[in-house]
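Undergrad: The structure is given below, and queries will be raised subsequently.
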Amino acid sequence: MSAASIIDSHVYLGESIFGWGVAADELIARLEAAGVGRAVAVPVKPRGYHLGPENDRVAAAQRA
């Protein structure tokens, strides 16, 4: 029997309009430290309110 995989279904990626943020490599390190095998990442609300570039950042992190 294999161990259950932990999935975090809502994590934020990027730099927020509110001044906080997390880069992809930092987020991955945190998830690995917590034993999370997979995560569903969404962009934070960016300073310019333009989600297109932030969505691209999330997609690039997923590909990496």
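The values are calculated or read from the model by the stated rules, or taken from the named source; none is laboratory data. Small disclaimer: the values here were computed from a predicted structure and weren't measured. Neighbour counts are summed over all protein chains in view; Cβ atoms, including those assigned to glycine, are modelled from backbone coordinates with ideal geometry. To get the accessible areas, we keep the full protein, side chains included, count just its heavy atoms, and leave off ligands, DNA and RNA. Shrake-Rupley method; radii C 1.70, N 1.55, O 1.52, S 1.80 Å.
Undergrad: Between Tyr12 and residues 5 or more places away or on another chain, which pairs have amide H atoms under 5 Å apart, with H built 1.01 Å from N, and which residues are they?
TA: Val42
Undergrad: Just from its helices, what would the mean residue ellipticity at 222 nm be for the chain, if runs of 4 or more DSSP H residues each count -39500 (n - 2.57) and the sum is divided by every residue, rounded to the nearest 500 deg cm²/dmol?
TA: -11000 deg cm²/dmol
Undergrad: Report the local net charge at Ala39: Lys and Arg +1, Asp and Glu -1, summed over other residues whose C-beta lies under 12 Å from its C-beta.
TA: 0
Undergrad: Taking R0 as 22 Å, what FRET efficiency do you get between Arg47 and Ala23 from their Cβ-Cβ distance, rounded to the nearest 0.05?
TA: According to the calculation, E is roughly 0.90.
Undergrad: Separate question: Determine ³J(HN,Hα), in whole Hz, for all residues of segment 56-64 in sequence, where each value follows from phi through the Karplus function 6.51 cos²θ - 1.76 cosθ + 1.60 and θ = phi - 60°; x replaces Gly and Pro.
TA: Calculated HN-Hα couplings, in order: 4, 5, 5, 5, 5, 5, 5, 5, 5 Hz.
Undergrad: Mind pulling the per residue volume of the convex hull built on the Cα atoms of the chain? Å³ is fine.
TA: Per residue, the Cα convex hull of the chain comes to 83 Å³.
Undergrad: Over the chain, with a Gaussian network built from C-alpha contacts below 10 Å, which listed residue (Leu27, Leu51, Leu13) shows the highest mean-square fluctuation?
TA: Leu51
Undergrad: Follow-up question, since we're still on this one. Counting other C-beta atoms within 10 Å, and keeping those with at most 12, which DSSP coil chymotrypsin sites (Phe, Trp or Tyr not before Pro) do you find in the chain?
TA: When the chymotrypsin sites (Phe, Trp or Tyr not before Pro) of the chain are filtered for loop state and at most 12 Cβ neighbours within 10 Å, Phe18, Trp20, Tyr49 remain.
Undergrad: Helix 24-33 versus the longest principal axis of the chain: what is the Cα-based angle in degrees, 0 to 90, to the nearest 10?
TA: Once rounded, the angle reads 30 degrees.
Undergrad: Could you check how much of the accessible area of the chain is carbon and sulfur, as a whole percent, using a 1.4 Å probe?
TA: On the chain, the fraction of accessible area on carbon and sulfur atoms equals 56 percent.
Undergrad: How much length would be gained if the chain were fully extended between Ala33 and Asp56, taking 0.36 nm per residue of separation minus their Cα-Cα distance, in nm to one decimal?
TA: 5.7 nm
Undergrad: Keeping every protein chain present and rolling a 1.4 Å probe, give me the accessible area per residue for the chain in Å².
TA: Per residue, the chain has 75 Å² of solvent-accessible surface.
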